[in-house]
Amino acid sequence: MSDKNPSSTMPAAGTPTTEKGNKPWREVFAVYAEPATLRMLLLGFSAGLPLLLVFGTLSFWLREAGINRTTIGYLSWVGLAYAFKWVWAPLVDRMPIPVLTRLLGRRRSWLLVSQIVIIGALIGIGLTDPRLALTPVVWCALAIAFGSATQDIALDAYRIESADTDRQAALAAAYQTGYRIAMIWAGAGALWIAARAEVTGVVGYQQGAWQTAYWVMAASMLLGLGTVLLSPEPAMRLIPPARNAAEWLKSALIEPFSDFLRRYGKQAILILALIAIYRISDVVMGIMANPFYVDMGYTKDEVAAVTKIYGVIMTLVGAFVGGVLAMRFGVMRVLMLGAVLSAVSNLLFAWLGSRGHDVWALTFVISADNLSSGIASAAFIAYLSSLTNINYSATQYALFSSMMLLLPKFLAGYSGKYVDAFGYSHFFTATALLGLPVLVLVWLASRIQPPAPGK
């Protein structure tokens, strides 16, 4: 899994791709067969696997074990590790790991350590029985989330540094594809394994079945670990040694943030506003999606088949389409398309609410919603990548990717109360309207002149 490292061709500072690509279609599609893109597919799988194992799949397991819903809700707070990963991103960006960094390089060493933490915690959580003691489950879930968030930091930096700006959309699409495949495996796959591991004739909860499922998930992480060991490290950036702790803190923590403000000036406020609300329609609506399916009378099998498997496949198609369109027409045009589609697809849920129990209507709406989500995600990841300075890629990207969830997640906490007061139809319409400011911000951001290289 080696190829000529192209990272030396990247500019000193990433810039938003606002111009039309106009590359030949054959050249556009050829990017998806390059080693760097295929590596990102496998590493995307490694990044996507832990997420559901500390959210949806874990919640199913705990509920089956008899844990009350209030406790399960509190346990979802382990996900805050993803929202605050920017806090320790400077360490991942700058701090070497003894021995490993010398052998593997800065990016691969952090990827390897984070993956080992995830594997160990998945094995550990499989050994726990939540009926007997919940504290070990909490600590293992925290370790999985922390290791996963750290892997995200290092992997985002690795992706940004592994190819030039023109290829970032393709890498983002490959990453999203691997990520979504992993979510199918960690969601529907883990439930399928647990069901098949149950002892025939035994009625009720079986701890051994869940142990088997989580240990298979731990073994699945070896795919990403092997990819890291066989992949090349991006070109080494020489970082002058700090003379004291204050100088290190300035270079590792303060400088990455001030660099962004210095490069974009007053326009940084507009860019940060766009990052903060671009996915607001999807995130706020998504919290109420599963309760909506239940209230509409859809069975578990119907929801699993349509939303967890077929829906994820449609997201993969959308991510691929988004990556191709971004390379062909430029990121900003596809960013606008994704924002429009995300808002319109929420209106389809309002229409679905008037259909009653209609599986074909559900399939149509999920197709449109997940396809638009994939297109928007691929373009948005490419846009965030273009904003980062290669010298601070891990820290800056971690900040951007954390910012995009904070406000939407905060508002989403009130989604249930809103539905109780006004109903599903009004709620879905309101989430679509939340996307209108996004369209304005994308249009304004597309008019920003990129900073000169090196600034």
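The values are calculated or read from the model by the stated rules, or taken from the named source; none is laboratory data. Source: prediction; values computed, not measured. Cβ: placed from backbone, ideal geometry, glycine included. Neighbour counts: every protein chain shown.
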Just wondering, is there one or more residues in segment 80-102 that are free of Cβ contacts under 8 Å to residues at least 40 places away in the same chain, in contact with a Ser or Thr (Cβ under 9 Å, 6 or more places away or on another chain) and among the hydroxyl-bearing types (Ser, Thr, Tyr)?
-> yes
Cross-chain or 6+ apart pairs with Cβ under 7 Å, segment 200-226 first and within 12 Å of residue 185 (Cβ to Cβ), then crowded, with 16+ Cβ neighbours inside 10 Å and among the hydroxyl-bearing types (Ser, Thr, Tyr) = 221/46; 223/46
Which of the residues spanning segment 272-288 are aliphatic (A, V, I, L, M) and either crowded, with 20+ Cβ neighbours inside 10 Å or closer than 30 Å to residue 424 by Cα (or both)?
-> 273, 274, 275, 276, 277, 280, 283, 284, 285, 287, 288
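Determine whether segment 202-216 contains at least one residue that is touching a Gly at 6+ places or on another chain (Cβ under 6 Å), assigned to a helix (DSSP H, G or I), on the phi < 0 side of the Ramachandran plot and not hydroxyl-bearing (Ser, Thr, Tyr).
Quick first cut of segment 202-216, residues touching a Gly at 6+ places or on another chain (Cβ under 6 Å) only: 211, 214-215.
Now restrict to residues that are assigned to a helix (DSSP H, G or I): 211, 214-215.
Going one step further and asking which of them are on the phi < 0 side of the Ramachandran plot, we end up with 211, 214-215.
Next, from what is left, pick out any that are not hydroxyl-bearing (Ser, Thr, Tyr): 211, 215.
Yes, some residue in segment 202-216 is touching a Gly at 6+ places or on another chain (Cβ under 6 Å), assigned to a helix (DSSP H, G or I), on the phi < 0 side of the Ramachandran plot and not hydroxyl-bearing (Ser, Thr, Tyr).
Would you say residue 273 is modelled with pLDDT under 85 and either within 30 Å of residue 390 (Cβ to Cβ) or touching a Phe, Trp or Tyr at 6+ places or on another chain (Cβ under 7 Å) (or both)?
Working: modelled with pLDDT under 85: no; either within 30 Å of residue 390 (Cβ to Cβ) or touching a Phe, Trp or Tyr at 6+ places or on another chain (Cβ under 7 Å) (or both): yes.
It is false that residue 273 is modelled with pLDDT under 85 and either within 30 Å of residue 390 (Cβ to Cβ) or touching a Phe, Trp or Tyr at 6+ places or on another chain (Cβ under 7 Å) (or both).
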Name the pairs: first residue in segment 105-119 and at positive phi, second residue modelled with pLDDT under 95 and buried (at least 21 other Cβ atoms within 10 Å of the Cβ), Cβ to Cβ under 9 Å, at least 6 apart or on different chains?
-> 105/234
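Hand me the list of helices (runs of 4 or more DSSP H) wholly inside segment 62-150 holding 3 or more residues that are β-branched (Val, Ile, Thr) and assigned by TED's automatic domain parsing to the domain that holds residue 214.
On the way: elements: 69-75, 80-83, 89-94, 100-104, 106-127.
Output list reads 69-75, 106-127.
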Pair list, Cβ < 9 Å and 6+ apart or interchain, from segment 306-331 residues that are under 17 Å from residue 359 (Cβ atoms) to residues that are of a type in the set (Lys, Arg) | 313/180
